[in-house]
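Shown next, in structure tokens, is the structure this report addresses.
All of the numbers you see were taken from the coordinates with simple rules; none came from a lab. In this text the structure is predicted, and so the values were computed from the model without any measurement. Here the Cβ positions follow ideal geometry from the backbone for every residue, glycine too, while neighbour counts run over all protein chains shown.
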Amino acid sequence: MWTSDGDLLARVDKDKLPRHVAIIMDGNGRWANGRGLLRSAGHVAGVKTLKNILKTAVNLHLEALTVYAFSTENWKRPHTEVDFLMQLFSEYLEREKLEMHQNNVRIKFLGRTEDFAPALQKLMRESVELMKHNTGVKFNVAADYGGQDEIIRAAQKLARRVERGELSPENISITFFEDELDTAGQPPVDLMIRTSGEMRVSNFLLWQAAYAEFWFTDTPWPEFTPEEFVDALVDFGKRNRRFGAVNS
Ligand code: FPP
């Protein structure tokens, strides 16, 4: 089992933890280039970071962790880099799925998936199937994901229901809409973390992050540690969230 974060866990107040943390894992390429390495080496290092952060999320009993692994825009990268990321994604799932399962993780994929190679799609389905009854951290891997794309797909599903006469347009509510998103049944994002100095949302979880707190760091993703992850969680615990209201 993944239980070696002892001192780190002692720093957090369990009552003030976010339920759902989302992470934009940015800076793999710049980290590698800065060391005279290929961008691919940055992605390999990024996978190691991801494993450590998931482990910490498990030890903290976070409800949901969502990571941005591949955006709908990432197809525009050079073929060699796209192929490398796909290969890394497959190897990661193949290698880690059993350990995730043993740690009660429940994996889910957000995004389109149909443009991935059939073997990768099969591996994704098998991983979901393997962990579907787990009750621990909901680990969402956003792959071929874009927030605008997800919202359009949800709107299309609702439009089809209207077309079939199952729903009238006036009855489309926030709840109905959320039920059609890839994150249906999961809590909204409380905390969004972005590494590597950029301060933008890059089409990630646009709906779910409506009231998210943001935490930015200059640290590139390959150097992001469980310690810094806990820094972000502790900082979140100090935020005054009003959700549009005023303090009573
Ligand atoms: C951002 O760095 C990272 C990505 C586009 C991919 C994230 C992928 C990983 C952490 C590894 C693979 C993930 C899985 C689930 C196997 P960047 O390339 O945009 O870096 P840059 O901004 O410095 O160029």
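Residue ranges 93-102, 180-189 sort as 180-189, 93-102 when ordered by packing (mean number of other C-beta atoms within 10 Å per residue, highest first). Model label points for Leu130 and Ala155, set 7 angstrom from Cα along the Cα-to-Cβ axis, are 3.8 nm apart. Summary value for the chain: 30 percent relative contact order, contacts being C-alpha pairs under 8 angstrom separated by 6+ residues. In this rough spin-label picture, where each label sits 7 Å from Cα along the Cβ direction, the Thr225-Ser202 distance is 2.3 nm.
As a rough guide to protection, the peptides 146-157, 58-69, 111-122 ranked by mean Cβ packing within 10 Å, highest first, stand as 58-69, 146-157, 111-122. In this structure, the amide hydrogen of Leu205, modeled 1.01 Å from its nitrogen in the peptide plane, lies closer than 5 angstrom to those of Gly147, counting only residues at least 5 positions away or on a different chain. Multiplying each eigenvalue of the alpha-carbon gyration tensor of region 97-148 by 5 and taking the square root yields semi-axes of 20, 14, 7 Å, largest first, rounded to whole angstroms.
Provide the net charge surrounding Phe224, with neighbours chosen by a C-beta distance below 15 Å and charges set as Lys +1, Arg +1, Asp -1, Glu -1. So the surrounding residues net to -4.
With the simple model of a label 7 Å out from the Cα in the direction of the Cβ, Leu9 to Glu73 spans 3.8 nm. Can you bin region 117-248 into rounded, prolate or oblate? Criterion: square roots of the alpha carbon gyration tensor eigenvalues sorted a ≥ b ≥ c, rounded for a/c under 1.5, prolate for a/b above b/c, oblate for the rest. Oblate. Seen from Thr135, the other residues with C-beta closer than 15 Å to its C-beta sum to a net charge of +4, counting Lys and Arg as +1 and Asp and Glu as -1. Which values of log₁₀ I(q)/I(0), to two decimal places, follow from the Debye formula for region 177-238 at q = 0.14, 0.18 Å⁻¹ with a uniform point scatterer at every Cα? Ignoring solvent entirely, the Cα scatterers give -0.46, -0.72. Within the set of other residues whose C-beta is less than 14 Å from the C-beta of Gly237, count the net charge using Lys and Arg as +1 and Asp and Glu as -1. Here the count lands on +1.
Cα centroid separation, region 1-69 to region 135-198: 24 Å. The length gained on full extension between Val162 and Glu94, counted as 0.36 nm times the residue separation minus their Cα-Cα distance, comes to 20.4 nm. Each residue of region 201-217 is assigned a 3J(HN,Hα), and the resulting list reads 9, 6, 6, 9, 6, 4, 6, 5, 9, 3, 10, 6, 8, 10, 9, 10, 9 Hz, derived from the Karplus form 6.51 cos²θ - 1.76 cosθ + 1.60 (θ = phi - 60°), x at Gly and Pro. In this Cβ point-charge picture (+1 for Lys and Arg, -1 for Asp and Glu), the chain has a dipole of about 80 debye about its Cα centre.
On the beta carbon distance between Gln121 and Lys238, with R0 = 30 Å, the FRET formula returns roughly 0.10. Estimated at 0.36 nm per residue, the fully extended path between Asn247 and Glu178 surpasses their Cα-Cα distance by 22.1 nm.
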